[in-house]
Amino acid sequence: MNKKFPIKKILKSKQYYLKYIDIKNNLLKEINFKQLDQIIALIKKAIKSKNIIYTCGNGGSASLADHFACDFTKQLSNKTNLKAKSISLSSNFALISAIANDINFNDIYSYQVDKFCNKNDLLFIFSVSGNSLNCVKAAVAAKKKGLKTVSFTGFNGGKLSKLTNLNINFRTSNYGIAEDCQISIMHYLSQYIRNIYLSPNKFKKTHF
C-alpha cells in the first residue's frame, strides 16, 4: 500500500512539516540495502570501464537527471582519481523539442539512447509514477542496446520497476516526498563513492 500524505487537511505549518519529514525519513530508512550495493557496484564498474552513465527523467524528475549528471561528472571526480562521465538526456532542449515535434514526445529519450548509448553504458531513470512513457521507452531501448538500467520510482514502482535491472522504489503517492527521497539517494551515492577514493590528506580538506 502506498503511503498517502496528507490524508486530510493540516492547518498548522509545524504539524505539516514534522509529518512530511517523518514520512520521508522512514521511507529512506526502509531502503533495500542489497540493491543499493548492487547499484554502487554498477557505478564503480562503469567508471572503471570508462563507460558513460546516462540519466533521464520526466517533468520535475528531468531536473533530477541533470543534477545527477552534474554531481557524478564534477563532484565525484573532484580531488579523486576517478574519471566519471555522466550525461543527462534531459538537458539538450533543442534536440528534445525536435524529436518531440518531428517524431513523438514519447520518443525523446529512446531516440537518444539509440543514437548515443553503447553496450555496457549505464542508464539511470527517474520517474515518480514509474509509468512515464518516455522513460519506459528509454528503458526498453536501453535493454535492446545492452545497457544496464537503474530506476528510482514512487507509488508502486510502475512499469519501470519491472523493466529495469535494478529499482529503488519509495512507496509514497506524494510527489514531493518521492522526489526528495530520490535526490537524497543520488547525493548519498556520489558522496559515498567519492569518500572511498579520497586520499587521507585530501579527505581532511574536502567539503562534501
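The table for this structure:
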| read-out | value |
| --- | --- |
| From Ser129, Ser88, Ser77, residue being within 30 Å of Pro200 (Cα to Cα) and hydroxyl-bearing (Ser, Thr, Tyr) | Ser77 |
| Scope the range 42-83; condition open to solvent by 40 Å² or more (accessible area, probe 1.4 Å), more than 24 Å from Leu160 (Cα to Cα) and either touching a strand residue (DSSP E or B) at 6+ places or on another chain (Cβ under 6 Å) or free of Cβ contacts under 8 Å to residues at least 60 places away in the same chain (or both); matching residues | Lys48, Lys50, Thr73, Lys74, Lys83 |
| From Leu36, Leu28, Leu18, residue being open to solvent by 60 Å² or more (accessible area, probe 1.4 Å) and in a helix (DSSP H, G or I) | Leu18 |
| Check on Leu163, within 28 Å of Ile99 (Cα to Cα), among the hydrophobic types (A, V, I, L, M, F, W, C) and open to solvent by 10 Å² or more (accessible area, probe 1.4 Å) | yes |
| Number of positions in the range 112-141 that are more than 15 Å from the chain's Cα centre (by Cα) and among the aliphatic types (A, V, I, L, M) | 4 |
| Only listed residue being farther than 17 Å from Ile31 by Cβ and free of Cβ contacts under 8 Å to residues at least 24 places away in the same chain, chosen from Lys119, Lys145, Lys162, Lys137 | Lys162 |
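The values are calculated or read from the model by the stated rules, or taken from the named source; none is laboratory data. Because the structure is a prediction, the values reported are computed rather than measured. Heads up, the Cβs are rebuilt from the backbone with ideal geometry, glycines too, and the neighbour counts pull from every protein chain shown. Side chains are part of the model used for accessible areas, which takes the heavy atoms of the whole protein and leaves out ligands, DNA and RNA. Shrake-Rupley method; radii C 1.70, N 1.55, O 1.52, S 1.80 Å.
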